[in-house]
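Visitor: Encoded as structure tokens, here's the structure I'll be asking about.
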Amino acid sequence: MILADKITNLRKKNGWSQEELAEKMQVSRQAVSKWEGAQTVPDLEKILMLSKLFGVTTDYLLKDEIEDEEFADDTDHVPVKRLSLAQANEFLELRRWAAHRIAAATFLCIVAVIPLLLLGAATELPNPPVSETLAAGIGLVILLILIAPAVALFIFCGFKSAPFEFIDKEPFETEYGVDGMVKERQKAYRTTYVKCNIIATCLCILAPIPLFTGSFTGKEFFTVVMLAVTILLAGTGAALFIIAGVRWSSMQKLLKEGDYALREQKTIRLKENVGTIYWLSATAIYLGWSFLTNAWQTTWVVWPIAGILFGVVMCLCNLFIDRQQD
């Protein structure tokens with residue numbers, strides 16, 4: 001019995017149509033039809049998925065001389081979680097809700113340093129409204145007041161997302177109808193996603209203009225004000241990237257597309273860990289340098305340098321991943 005006949009028999013034994021099997025296998029119905037018509041052969045990844053889906057050995061599927069079903073050892077079988085249509089809808093709504101809050105928290109973290117910069121620059125005016133010590137104290141208090149709700153938002157969003165952590169950490173399957181629903185949402189959201197990314201990119205590119213303009217005047221306080229405007233523009237761009245990216249990635253996760261394809265999930269996890277360590281280290285360097293030198297008007301350069309170096313770190317990370325896969 002050839003592979004095509006085995007797939008047909010197993011599909012019918014489970015009572016599935018070609019459309020249902022196609023959705024479970026994350027392929028088109030035409031692909032399943034070609035498998036069953038012996039026009040094409042599934043690749044190795046799909047063979048493994050068929051083996052797990054039907055609970056049979058790969059030897060049974062691949063060897064024509066084996067006609068009796070060989071079932072996989074149940075002791076080694078790890079049950080795969082199934083995501084229902086209701087759960088998928090709940091997950092997408094949760095990520096839509098979380099996207100704006102994560103963006104707001106990120107924006108607060110970015111702009112939290114602005115009051116400290118402005119107050120520090122104000123102490124350099126001919127008739128400073130506040131002393132240097134008072135300015136530093138007020139600036140740090142405001143910074144902490146802005147960062148506290150941002151951290152609270154991050155924690156709250158993580159708590160709300162806890163029931164769906166398995167989507168990132170474990171293999172899962174979607175029930176009938178889920179892929180179709182997600183693809184419809186993805187299609188409807190695509191235009192908004194593209195617009196948000198275009199606007200965010202333009203804001204980030206144009207953000208340094210106020211800073212350059214201020215530096216040309218030679219006036220220190222005005223330069224710091226323009227730096228604050230630059231930070232506001234960059235923060236707005238970052239927030240737009242997050243709002244669009246969180247919603248788009250939630251759909252890709254359910255469809256297992258792009259960076260969230262099965263073979264890419266370990267890669268994404270590694271990049272996330274590297275990114276977390278990198279930005280925590282950058283924050284520690286910034287705060288340590290600032291507190292030790294009290295030169296808050298200068299230490300902000302840590303962030304643009306960190307942003308540039310982050311691209312280099314990610315490139316090195318990609319090279320390491322490619323070498324490991326080879």
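Please treat every number below as a calculation from the coordinates, not as lab data. Keep in mind that this is a model prediction, so the values were computed, not measured. Heads up, the Cβs are rebuilt from the backbone with ideal geometry, glycines too, and the neighbour counts pull from every protein chain shown.
Visitor: Those residues that are among the small types (Gly, Ala, Ser) and either in contact (Cβ under 8 Å) with a residue 12 or more places away in the chain or outside any loop (DSSP other than H, G, I, E, B) (or both), I need them from the range 1-46; list them, please.
Guide: At the first step, the residues of the range 1-46 found to be among the small types (Gly, Ala, Ser) are 4, 15, 17, 22, 28, 31, 33, 37-38.
Ala4, Ala22, Ala31, Ser33, Gly37, Ala38, listed by residue number.
Visitor: Here is a follow-up. Please enumerate the residues belonging to the range 153-195 that are among the aliphatic types (A, V, I, L, M) and touching a residue at least 12 places away in the same chain (Cβ under 8 Å).
Guide: Answer for the range 153-195, where residues must be among the aliphatic types (A, V, I, L, M) and touching a residue at least 12 places away in the same chain (Cβ under 8 Å): Leu153, Ile167, Val178, Met181, Val182.
Visitor: Looking only at the range 122-158, which residues are of a type in the set (Ser, Thr, Tyr) and either within 13 Å of Ala112 (Cβ to Cβ) or in contact with a helix residue (DSSP H, G or I) (Cβ under 8 Å, 6 or more places away or on another chain) (or both)?
Guide: Thr123
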